[in-house]
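The values are calculated or read from the model by the stated rules, or taken from the named source; none is laboratory data. What you are looking at is a predicted structure, and each value in this text was computed from that prediction instead of being measured. So basically every Cβ, Gly included, is an ideal-geometry build from the backbone, and we count neighbours across all protein chains shown. We work out accessible area using only protein heavy atoms, side chains counted, and drop any ligands, DNA or RNA first. Shrake-Rupley method; radii C 1.70, N 1.55, O 1.52, S 1.80 Å.
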Amino acid sequence: MQKRVEELTIIDKQVIRNDYICWEIQSDKVFDKIVPGQFINIHVKDSPGTFARRPFSIHTIDYHHNSIQFMMKVVGDGTKALSKLEIGDKMDVVYPLGNGFSISDEEESLLVGGGYGVAPLYHVAQELIAKGKKPCFLFGARTQNNFILLDRFKNIAELFITTEDGSAGHKGLVTDHPIWKERIASIKKIYSCGPESMMEAVAHIAEKNNILCEASLDQVMCCGVGVCLSCIKNTIRGNEATCLHGPVFNTNDIVW
Amino acid sequence: MVDLSVDIGGLIIKTPVMTASGTCGYGEELVDFMNIPDLGALVVKGTTLEPRQGNDYPRMTETASGLLNSIGLQNKGVHYFHDELYPRIEHLNDHIIVNVSGSRIEDYVSVCEILSDLTKCTAVEVNISCPNIKEGGIAFGTSCSEAAKVTKEVRKVWKKHMMVKLSPNVTHIAEIAKAVEDEGADSVSLVNTFLAMAIDAQSRKPILSTITGGLSGPAIKPIALNMVWQVYQAVKIPVIGMGGIMNAKDAIEFILAGATAIQVGTATFIDPASCIKVIRGIEEYCNEQGVKNVRELIGGLII
Ligand SMILES: Cc1cc2nc3c(=O)[nH]c(=O)nc-3n(C[C@H](O)[C@H](O)[C@H](O)COP(=O)(O)OP(=O)(O)OC[C@H]3O[C@@H](n4cnc5c(N)ncnc54)[C@H](O)[C@@H]3O)c2cc1C
Ligand SMILES: Cc1cc2nc3c(=O)[nH]c(=O)nc-3n(C[C@H](O)[C@H](O)[C@H](O)COP(=O)(O)O)c2cc1C
Ligand code: FES
C-alpha cells in the first residue's frame, strides 16, 4: 500500500500490566494490503524532549474497519507522552512503512519472538494460517511476568515458551528449547523479531541447518522513510537503511 | 494567482522551496507523500567521487528541538549517481541539484565534470561545509582562501549554475560569502549544520560514534536567520536560506531576511510532505497579505 501521513483516531486502548498498551487506531480511508512486519511511525506531541517520530510494529490489521492494532511498551519520554492519549484522541501517523516479512509457502515455520518483538509475529501467523500453513510460536523472556497477551497467541497457533529463570516453560534462552532438536528437520522457515542478540543466535541455528530465516531489526529510527540514513545496518550490500530496505532482512544478508 | 517563481541567479525556479541535501534522499523515497515536480528544485544527497559507507552507527540522536547527525556522506559515488540514479529520478523535477562534496579540490572538480552532461542537473551545490567527514568538507568552508580556491577551480569546469553551501561554524560568514562570490559563485546557500555533541550521563560516553556531529532543526533557526540576514547585506548574488524551517511562517521569515529561496531539511523527517506544505503556506500568506509576487518579499524586513 502507498505510504501516507494521516491523523488516525484511537478507537481502543488496553493497558496491560502497567507498562504495555495495546492500541487500535482507525483511518477514515480504505486500506490496501499491509504486509506483516511493516510498521507505523508516530509523531509525539506534548513531550518537549521528543523530536523524532517513534516507530512501532503493526500487530494486526482489521480491513473491515480500516484499523491497525499495535502494542507499545512504555520505556521513555515519548512512549510516556503517548500513553496519556485516550480513546477518541488522534495520533499523527506515517504508515505503512518498511518491507515486511515475505510470507512464503513452507508448510511448517517457527516464529521466534522476545519482548515487544512478539507483536508483529501475530500478523505473520494470521497470514500463514490463512494460507493453510502451520506456524508455531516460540517466545522467550527473562521471567514469566515479562510475557504479555500469551493467550491471544495461543488461540491461533501452537506456542512454546522459555524463561531464563525457569518460572515458566523451558528454562533457558529460546535457542535452548528442545523444539529445535525435535522439529529441526520439518521446520522450513523462521521468522524472528526481538532483541538483536536473540535474532543473531537464531540466525546461526538457521544457517547451520540450512533453514530460510528472516529477522526484523530494531535500529533507532527517525524519518522511517529512508531519507535520513540514521537507521543503518551493515549488510552484504553495504550499509542499508533498515526502515526502507528492512526492517526485515534475510539473515544471511546481515553482517551482525 | 500568486506568482511564486524566483530567479536564483540565472536560474528561474517555479517556487522558492527546495529540499535540503541529505534530507530527501533522491526524491523517489518521497513520491508517495508529495508531487515532487511542484518543488522549485530537488537537491539530492551529498555526492562524492568515490562511494562512501558513512560513519558507524549510532549516527543520529535528538536534542531539544533538533537533531544531531554524523551520517558522514554515505553515498554510492558520482558514477553510480550518473548511470543508475539520475535516469531513475530525472522525471521528478526540472532542476535536480547535486550537492557535491569531497576531501580534495580535484575531487570536487572531477565530480562536476562527470555531472556536466546531465540535462536536468541544472545546478550543483558545492558543499564546503560538511562537519562529518575527516578531511575536506568543512575545512574548505571555514577559511576564505580555501573557500575561494574550491569555487575558482569548480568554476573552470562547471558552466551551469553554481551554488556554494556555507558553513555556519565560522566567525564571519559574510566574509566567506564574499570570497566565493568573487570567484564566480552564482548563489550561496546557508546554513549547513552546527558542530555539536551529545553525551549520555549514565554511561559517560558520547552518544554518536563520531563523538561530535552537526545540529539541525528548530534549535538552530534564529542563528541561521541572522546569518542569512548578514550575508544578504554583504553580497549581490542570491541567498538560499535554510536552518530549522518547519513551516511556511519560518520560510517567510527567511525570505524577509533576504533569502531568494529556501530549503527544507530536518522538517521532512517529521513530516515527509513538509516541502509541499511550506509551498501552500507561502501561497496562503501571499494571498492574505495581498502579495502578487513572492519576489516582493525578498529582503522585505521592515526596520
Ligand atoms: C521497526 C521498529 C519496530 C518497533 N516496534 C515496537 C513495538 O511494536 N512495540 C514497542 O513497544 N516498541 C517498538 N519499537 C521500539 C520503540 O520504537 C521504542 O521503544 C520507542 O521509540 C522509545 O521511545 P521513548 O521516547 O519512549 O524512549 P526513549 O526515551 O527514546 O528511549 C528509552 C529507551 O529505549 C531505547 N530505544 C529508543 N528507541 C529505540 C528503538 N528504536 N529500538 C530499541 N530501543 C530503543 C533507548 O535506547 C532507551 O534506552 C520498535 C522499533 C523499531 C525500530
Ligand atoms: C541527516 C542529515 C544529512 C545531511 N546531509 C547533508 C549533505 O549530504 N550535504 C549537505 O550539504 N548538507 C547536508 N545536511 C545539512 C542540511 O542540508 C541542512 O543544511 C541543515 O540540516 C540545516 O537545515 P534544517 O535545519 O532544515 O535541517 C544534512 C542534514 C541532516 C540532518
Ligand atoms: S529512519 Fe531515516 S532512513 Fe531510516
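It is to be established whether one or more residues within the stretch B:26-33 are closer than 30 Å to B:ASP200 by Cα, within 16 Å of ligand 3 (Cβ to nearest atom) and touching a residue at least 24 places away in the same chain (Cβ under 8 Å). Give the derivation first.
If we filter the stretch B:26-33 for residues that are closer than 30 Å to B:ASP200 by Cα, which is where we start, we get none.
The answer is no; no qualifying residue exists.
Residues in the stretch A:225-247 that are within 16 Å of the chain's Cα centre (by Cα) and open to solvent by less than 10 Å² (accessible area, probe 1.4 Å): A:THR242, A:CYS243, A:GLY246, A:PRO247.
Taking the options B:SER187, B:SER209, B:SER274, name whichever one is touching a Pro at 6+ places or on another chain (Cβ under 9 Å), surrounded by 20 or more Cβ atoms within 10 Å (Cβ to Cβ) and not basic (Lys, Arg). Walk me through how you get there before you give the answer.
Working: B:SER209 fails: surrounded by 20 or more Cβ atoms within 10 Å (Cβ to Cβ); B:SER274 fails: touching a Pro at 6+ places or on another chain (Cβ under 9 Å).
Every option except B:SER187 fails the conditions.
Only one of (1) free of Cβ contacts under 8 Å to residues at least 24 places away in the same chain; (2) under 18 Å from A:PRO36 (Cα atoms) fails for A:ASN155. Which number is that? Condition not satisfied by A:ASN155: (2). Filtered by the rule that a residue be away from ligand 1 (no atom under 11 Å from the Cβ) and in contact with a Gly (Cβ under 6 Å, 6 or more places away or on another chain), the stretch A:41-50 gives no residues.
Residues that are aromatic (Phe, Trp, Tyr), out of contact with any Pro (no Cβ under 6 Å at 6 or more places or on another chain) and open to solvent by 40 Å² or more (accessible area, probe 1.4 Å) occur at least once in the stretch A:150-166.
On inspection, A:VAL15 fails the criterion of being over 30 Å from B:THR63 (Cα atoms), away from ligand 2 (no atom under 16 Å from the Cβ) and β-branched (Val, Ile, Thr). Can you find a residue that is open to solvent by 10 Å² or more (accessible area, probe 1.4 Å) and free of Cβ contacts under 8 Å to residues at least 40 places away in the same chain anywhere in the stretch A:4-13? No, the stretch A:4-13 has no match at all. In the stretch A:183-204 there is no residue matching the filter, namely being open to solvent by 60 Å² or more (accessible area, probe 1.4 Å), under 30 Å from B:THR23 (Cβ atoms) and within 16 Å of ligand 2 (Cβ to nearest atom). Only one entry of B:GLY102, B:GLY72 meets the criterion of being outside any strand (DSSP E or B), at pLDDT below 95 and within 14 Å of chain A (Cβ to nearest Cβ), and that entry is B:GLY72. Say we look at the stretch A:29-44 and pick out the residues that are surrounded by 20 or more Cβ atoms within 10 Å (Cβ to Cβ) and within 13 Å of chain B (Cβ to nearest Cβ); which of these is nearest to ligand 3 (Cβ to nearest atom)? Across the stretch A:29-44, the extreme among qualifying residues is A:ASN41.
Among the residues of the stretch A:207-233, those identified as more than 8 Å from ligand 3 (Cβ to nearest atom) and in contact with a Ser or Thr (Cβ under 6 Å, 6 or more places away or on another chain) are A:CYS213, A:ALA215, A:LEU217, A:LYS233.
Taken over the stretch B:257-279, residues that are away from ligand 3 (no atom under 16 Å from the Cβ) and either away from chain A (no Cβ under 14 Å) or under 16 Å from B:ILE223 (Cα atoms) (or both) amount to 9.
Rundown of residues vs (1) of a type in the set (Lys, Arg); (2) more than 20 Å from the chain's Cα centre (by Cα), yes/no style:
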{"position": "A:LYS73", "(1), (2)": "yes, no"}
{"position": "A:ASP77", "(1), (2)": "no, yes"}
{"position": "A:ALA81", "(1), (2)": "no, yes"}
{"position": "A:TYR95", "(1), (2)": "no, no"}
{"position": "A:GLY98", "(1), (2)": "no, no"}
{"position": "A:SER104", "(1), (2)": "no, no"}
{"position": "A:GLY113", "(1), (2)": "no, no"}
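Among the residues of the stretch A:45-60, those that are within 11 Å of chain B (Cβ to nearest Cβ) and touching a residue at least 60 places away in the same chain (Cβ under 8 Å) comprise A:ALA52, A:ARG53. The residues in the stretch B:150-165 that are assigned to a helix (DSSP H, G or I) and touching a Ser or Thr at 6+ places or on another chain (Cβ under 9 Å) can be counted, and the count is 1. Residues of the stretch A:208-232 that are within 12 Å of ligand 1 (Cβ to nearest atom), more than 14 Å from B:MET60 (Cβ to Cβ) and in contact with a strand residue (DSSP E or B) (Cβ under 7 Å, 6 or more places away or on another chain): A:ALA215, A:SER216, A:LEU217.
With the structure loaded, tell me whether B:ILE176 is in a helix (DSSP H, G or I) and surrounded by fewer than 19 Cβ atoms within 10 Å (Cβ to Cβ) or whether it fails that test. Considered against the rule, which asks whether it is in a helix (DSSP H, G or I) and surrounded by fewer than 19 Cβ atoms within 10 Å (Cβ to Cβ), B:ILE176 comes out as no. Among the residues making up the stretch A:103-137, a single one is among the polar types (S, T, N, Q) and within 20 Å of A:TRP180 (Cα to Cα): A:SER109. The residues in the stretch B:9-24 that are on the phi < 0 side of the Ramachandran plot, assigned to a loop (DSSP other than H, G, I, E, B) and more than 14 Å from every other protein chain (Cβ to nearest Cβ) can be counted, and the count is 4.
Matching residues to (1) in contact with a helix residue (DSSP H, G or I) (Cβ under 6 Å, 6 or more places away or on another chain); (2) part of a loop (DSSP other than H, G, I, E, B):
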position	(1), (2)
B:ARG88	no, no
B:ASN93	yes, yes
B:TYR108	yes, no
B:GLU113	yes, no
B:ASP117	no, yes
B:CYS121	yes, yes
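In the stretch A:172-182, the residue that is nearest to the chain's Cα centre (by Cα) out of those that are in a loop (DSSP other than H, G, I, E, B) and surrounded by fewer than 16 Cβ atoms within 10 Å (Cβ to Cβ) is A:GLY172.
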